[in-house]
Amino acid sequence: MQKSIWLMAAFLFSMFISGCGGGSSTSVIASGTTALTPSDVSNKTLFSTTVNSTKGYIAFQIYSTGSATWDSQVNRNSTPPGGKSGTWAITNGQLVLSVAGTPAYQFTCIQKEPNYWLVSDASNNITRMYFSRAVAEKYLNTIAIPNSPNITLGGAIQGTPLTTTFSNISTIAGTTGTGGFNNYTAAKSPPTLFGRPVGITTMDGKTFFVLDMGNNDILQLTPGTNGVATVTALKTSGNVIISFNSPSDITTDGTNLYVTDTYNYVIKKISPDITSPGAWISATLSGTGVAGAYDGTGNTLSTTGNGTVVTTGTARFAGPIGITTDGTNLYVVDDGAIRKVDIVTGNVTTLAGSPGQSGSIDATGTTARFNQPLRITTDGNNLYVTDYGNYTIRKVSIATGQVTTIAGSPGNFGTVQPDTKGNSGETGDQARFNGPNGITTDGTNLYVTDWGPVIYGAPVRGQVIFRIALANPTITSPPSQYSGPVTRIAGTQDTIATGANQPSTSNPNAALFDCPIGLTTDGASLYVVDTDNYTIRRIY
């Protein structure tokens, strides 16, 4: 364990000397169950949401007389609940709806939130039970269904491949080459200044959230019609900026934000404060605040006559970096392994790799090995990891934990060249990277920021954005484990930006970056965190 923590510290230190780098709150996530009472449900309409193959809800009308009506199928309309009728009762703290004495639905409340309950049914399916149709609709409009068109998944809009040719690049926030802290106002004064932006995510493709490691905060970006964005820091209802300790990455499930708070050794959940519009609540979902790499339970919160009591779980993180989510679990890159965090309970298990161990082994579960993996994305079925120290891109099956190398060659770095079959870039293991870092996907392609360590006196490597086709067009039967073409879509290979040589250009392939890290997509454009230029750039 000491060795693994030392390796993490050494790596992060190397990022800082290159100029290219990357307080605990209480938890609102509870485990166990909460008993329902007749007064909780009587004379109310409840909306039980579903996000399986169809997004919708079943509405239940609960009457004080003991009768109930509900929808016969999942729907999304404004008509009163109908199609089925029966009776209801609270039995052992559970809501039971029956037809002719036979239970049709049975709901157990896991946790009560201000505008919904987290419940499980008789088949242990977990869903949300809302009290308002409008609030249920808002939730359904942002939640993701894997493999369906144009959905939010892993903090990016997926379902439609981005353009095959990007023609423009622009800066939407930040001041090139100038770090600091300023929000941006409609009057454009003062200009936005970032301390060291490292991560970016979006809930709906319209509003973006940037994680600033230098200022230890989250900034909300709303792009305007003039091509620049309004920027505000996330704050609590008490007007206090939500802060971290050298955070590394950010993702969203469409409702909440999740942050790897690296040097607090925890995973933070940032939720909208429904009691105070525009405010946010920060909570520690998992991790004790003490470094380690131990699977275990998440943190729980309970209310007693003496106030709120937080029980810290047993799970620990050694230095969490990348994070993504499929809406059910979070997946965190930590100490050379991929850790799975239950999005409700905060419980942690290791999906792939072994904490503190390094190498390049394609295998299943903890037998697999990575070498300084950094960031991660998902298409709902697989995870894709930038294996920085191996110069490769790895795929991890969510279902099995099977790890395969899909692009790059372990231990070999270099420059992507057109392949011998006329593709714009080399495919699979023939492709070369200099240090893959940030990663996102539109469901068809991966997009990766790539740059090697920028250390004084050493040659500049990378500083580009690659597109990686997930399907290999040259080997289809059986399908190849390796990716299709790896193509440079932005940046000038092996050339770094400075204040003096930043070109005034709208051509993405002539643009210069300075250690770009995080990136996401709104379904049409890429948004890139150009970390040491202190800017957010749009490629379209």
With the first residue restricted to the stretch 400-423 and required to be farther than 20 Å from residue 459 by Cβ, and the second required to be among the charged types (D, E, K, R) and at pLDDT below 95, Cβ contacts under 6 Å at 6 or more apart or on different chains are 419/426
Here the residues within the stretch 518-535 that are more than 10 Å from residue 205 (Cβ to Cβ) and assigned to a loop (DSSP other than H, G, I, E, B) are 534
Filtering the stretch 429-451 down to residues that are more than 11 Å from residue 526 (Cβ to Cβ) and assigned to a loop (DSSP other than H, G, I, E, B) yields 431, 432, 434, 435, 443, 444
In the set 359, 408, 336, the lone residue that is surrounded by fewer than 24 Cβ atoms within 10 Å (Cβ to Cβ), in the same structural domain as residue 298 (by TED's automatic domain parsing) and not polar (S, T, N, Q) is 359
Would the stretch 231-252 turn up any residue that is crowded, with 16+ Cβ neighbours inside 10 Å, aromatic (Phe, Trp, Tyr) and closer than 27 Å to residue 118 by Cα?
no
Test for residue 231: is it out of contact with any strand residue (DSSP E or B) (no Cβ under 7 Å at 6 or more places or on another chain) and among the hydrophobic types (A, V, I, L, M, F, W, C): no
If we keep only residues of the stretch 262-295 that are within 18 Å of the chain's Cα centre (by Cα) and farther than 28 Å from residue 140 by Cα, then the residue surrounded by the most Cβ atoms within 10 Å (Cβ to Cβ) is 287
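The values are calculated or read from the model by the stated rules, or taken from the named source; none is laboratory data. This structure is a prediction, so every number in the text was calculated from the model and none was measured. A quick note on method: Cβ atoms are made from the backbone with ideal geometry, for glycine too, and the neighbour counts reach across all protein chains shown.
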